[in-house]
Amino acid sequence: MTLGITFGGGAAKGAAHIGAIKCFQENGIDFDVVTGNSAGSIAGALYSYGYTWRNMLKFVQAATKRKSIWFKYGFLYNSSSIESIVEKGIGRINFSDLHKPFCCVACNLRTGKLVVLNSGKVAKAVRASCSIPGIFKPTPIDDMLLVDGCIVNSIPSNICRNMGADYVYCIT
């Protein structure tokens, strides 16, 4: 049996994902495949990298302390800051370097279609998945301009199933 977990978007919900992971880890439940969208892509990347709920909590607390710096340097407009923060947590790794299969979703502004990100740099993909239109600039990857995946798939449980999950837990 293959277990999957998918993390939905929503900035405040991103921190709430830690509570769900805590419950699962304390009860010995581990997931085989992981998907995420927007803030959920951050949780998914950290979990796939091997973070425990305690490590995730420390990561969020450290990022929150830097919040005033983010606003000072244009965090509301330049999504590259998201990429930098994720890199501080997991490094400049590729999807193939993760301990668990993971992908996140975004929307291609040029086509309006869903893009499943599962190769290349993890932090750049997370940045694209978190690029809320009107707040962050779109993230260019290849010939695409990517924004938050909530536009087309806010909880990518179907993608988790496509990755081989028999059962999918959706954290919204």
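A few remarks follow.
- Residue list for segment 108-134, restricted to those being crowded, with 16+ Cβ neighbours inside 10 Å and either without any contact (Cβ under 8 Å) to a residue 12 or more places away in the chain or hydroxyl-bearing (Ser, Thr, Tyr) (or both): 129, 131
- The set of residues from segment 1-13 being over 13 Å from the mean Cα position of the chain (by Cα), of a type in the set (A, V, I, L, M) and not in a loop (DSSP other than H, G, I, E, B) comprises 3, 12.
- Complete set of residues in segment 84-107 that are crowded, with 21+ Cβ neighbours inside 10 Å and either over 18 Å from residue 55 (Cα atoms) or of a type in the set (Phe, Trp, Tyr) (or both): 102, 103, 104, 105, 106, 107
- Test: residue 88 is farther than 16 Å from residue 40 by Cβ and in contact with an Asp or Glu (Cβ under 7 Å, 6 or more places away or on another chain): no
- Lone unmet requirement of (1) touching a strand residue (DSSP E or B) at 6+ places or on another chain (Cβ under 7 Å); (2) over 30 Å from residue 2 (Cβ atoms) for residue 116: (2)
- Residue in segment 66-83 that is least open to solvent (accessible area, probe 1.4 Å), counting only those that are over 19 Å from residue 55 (Cα atoms), modelled with pLDDT under 75 and in contact with a Phe, Trp or Tyr (Cβ under 9 Å, 6 or more places away or on another chain): 75
- Subset of segment 14-63 (residues that are free of Cβ contacts under 8 Å to residues at least 24 places away in the same chain, outside any helix (DSSP H, G or I) and polar (S, T, N, Q)): 27
The values are calculated or read from the model by the stated rules, or taken from the named source; none is laboratory data. Because the structure is predicted, anything quoted here is derived from the model rather than measured. Note that we place each Cβ from the backbone using ideal geometry, even for glycine, and neighbour counts take in every protein chain shown. To get the accessible areas, we keep the full protein, side chains included, count just its heavy atoms, and leave off ligands, DNA and RNA. Shrake-Rupley method; radii C 1.70, N 1.55, O 1.52, S 1.80 Å.
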